[in-house]
1. Being farther than 22 Å from residue 38 by Cβ, in contact with a strand residue (DSSP E or B) (Cβ under 6 Å, 6 or more places away or on another chain), among the charged types (D, E, K, R) and touching a residue at least 24 places away in the same chain (Cβ under 8 Å) narrows it down to one residue among 88, 168, 155, 180; which is it?
2. Could you tell me whether region 245-268 includes any residue that is polar (S, T, N, Q), in contact (Cβ under 8 Å) with a residue 12 or more places away in the chain and within 30 Å of residue 138 (Cα to Cα)?
3. Would you mention how many residues in region 308-345 are farther than 21 Å from residue 52 by Cβ and aliphatic (A, V, I, L, M)?
4. If you check every pair at least six apart or on different chains, which have Cβ atoms under 7 Å apart with a residue in region 113-130 that is of a type in the set (Phe, Trp, Tyr) first and a residue that is outside any helix (DSSP H, G or I) second?
5. Can you find even one residue in region 400-421 that is modelled with pLDDT under 90 and of a type outside the set (Asp, Glu)?
6. Residues of region 82-105 being surrounded by 19 or more Cβ atoms within 10 Å (Cβ to Cβ) and over 24 Å from the mean Cα position of the chain (by Cα), which ones?
7. From 343, 330, grab the single residue that is touching a Ser or Thr at 6+ places or on another chain (Cβ under 9 Å) and closer than 20 Å to residue 88 by Cα.
8. Which residues, counting only those in region 106-133, are surrounded by 21 or more Cβ atoms within 10 Å (Cβ to Cβ) and farther than 26 Å from residue 322 by Cβ?
Amino acid sequence: MLFLGLAVASMTCLAHTPPAYWAGSLTKQEPQSIYAVDPQDAWNRIFYLLFTRTVKLRLADNFKGGAPFVPLRIIPFPQTASARTFERIESGDRAIDPLYPSFLNSAGVEWVLIDPQYQQFKNALQDALSEQAARPLLQRALMQADAWAAFDILRRYWGLRRQLRDRRDELLPMLAQFVRKLALTPQEIAALPDTYAAAQRSQGLPPLFDEKSGWIEVEWFPEREHDRNSDNRRAARVFVKPRAKPQQFLDDLTDLLRQNPGLSPDLKGVLDGVVLVTEDLLIDTNARVERSPLTFEVQVRNFLKDSRGNFNETRIAEYDLSRKLLLANPSSGGLVRVDRDDPAYLPTANNDYAFASAFGEQPRESPTLGSLRRRCEVCHGQDVGGLVTFARVPLPEPWRPPAIRQLKCADDPHAGYVAQQKMKRADFRGLCWAR
């Protein structure tokens, strides 16, 4: 239900010069040294084939070098983008799923099923499966999360032509075997580094887990669109910092939503900030889904006020997982900051949280690169103040929504709920018992 993309108001953003559109792009599409120094290491080759891509894209009009611009079909409000296309080589070492684009589009899946990528991926998986020595725990956890995502995404696409469908059916059991090989014991999962705590120390993230900080974890309904979007392989946790006492804020907001079904309340005046923390789930050696201390992404919005306490602007930051950084320096937390003007692909719809989503096959329907602010406006409006967590279309009468409650964040009950939902799904049963 929540896409906490983060940005500032349009007038404020105009005063900033955005980075060049190629900022962060690789100079060459080739395997990287993520899991080992040797780029040709089997795990580096797997990562490369799942994540690294040359993306043909259009530029949103915040990149002035993209002119001339043409109208862009996008929900819920129109944008413009360059008439011609440009290229970026995406490393993929960030908080994204493999095999992109895969939102209403199978291009990312098909890429790994055609030659030469198909045989390269099959060879890399075979080499990884034949390894005798166990890799370090943190490497296994990160690779399991990515291989698990690849399994789910490949399994989802059934409308492929015969040859690609046959190749997909060859890869799925190999990926399932690889995921099982990477399983950690419950004790090993618990022993993984707390990457949010590390990033809080190194980058000054909000002290969400300090009971005296004013931040609280909240829940209205347990189902969240971010969880569903990841096929329940990750859990998205929502934290807010109310200006009033927490229980008073929760009671007042519950009453407001019960009296006004379908209302999308404006909470910028009563909150100092909101944070979305997305954490990886992992599969243990008992074939159970468990929460982990690995943070996949953090999205932060601070609602700044003027001297009279009125909302002034939204200040943002986003932090993406870098596997390479985390493995090289676990004390960093492995999170890389993304600022409001940094390049970011625009979503195609309100429920599109994917990376580099394509609009179609024609040049004018390529993925569109804008800024983080532009991306966030699609879901949250031009002041980026909307909280979709508390916006829900009412069911047929009687409409009596539950009370908004504060969760005991140390117990992480939301991740436990998402893990239970995943274990009920057919894709999970197919993963754990496929042979």
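The values are calculated or read from the model by the stated rules, or taken from the named source; none is laboratory data. Quick caveat: nothing in here was measured; it's all calculated off a predicted structure. Backbone-built Cβ (ideal geometry, glycine too); neighbour counts: all protein chains shown.
1. Step by step, each of 88, 168, 155, 180 is checked, and only 88 is farther than 22 Å from residue 38 by Cβ, in contact with a strand residue (DSSP E or B) (Cβ under 6 Å, 6 or more places away or on another chain), among the charged types (D, E, K, R) and touching a residue at least 24 places away in the same chain (Cβ under 8 Å).
2. For region 245-268, residues polar (S, T, N, Q), in contact (Cβ under 8 Å) with a residue 12 or more places away in the chain and within 30 Å of residue 138 (Cα to Cα): absent.
3. Summing the residues that are farther than 21 Å from residue 52 by Cβ and aliphatic (A, V, I, L, M) in region 308-345 gives 2.
4. The qualifying pairs are 118/112; 121/112.
5. yes
6. Answer for region 82-105, where residues must be surrounded by 19 or more Cβ atoms within 10 Å (Cβ to Cβ) and over 24 Å from the mean Cα position of the chain (by Cα): just 82.
7. On inspection, the qualifying residue turns out to be 343.
8. If the condition is that a residue be surrounded by 21 or more Cβ atoms within 10 Å (Cβ to Cβ) and farther than 26 Å from residue 322 by Cβ, then 113 is the only one that fits.
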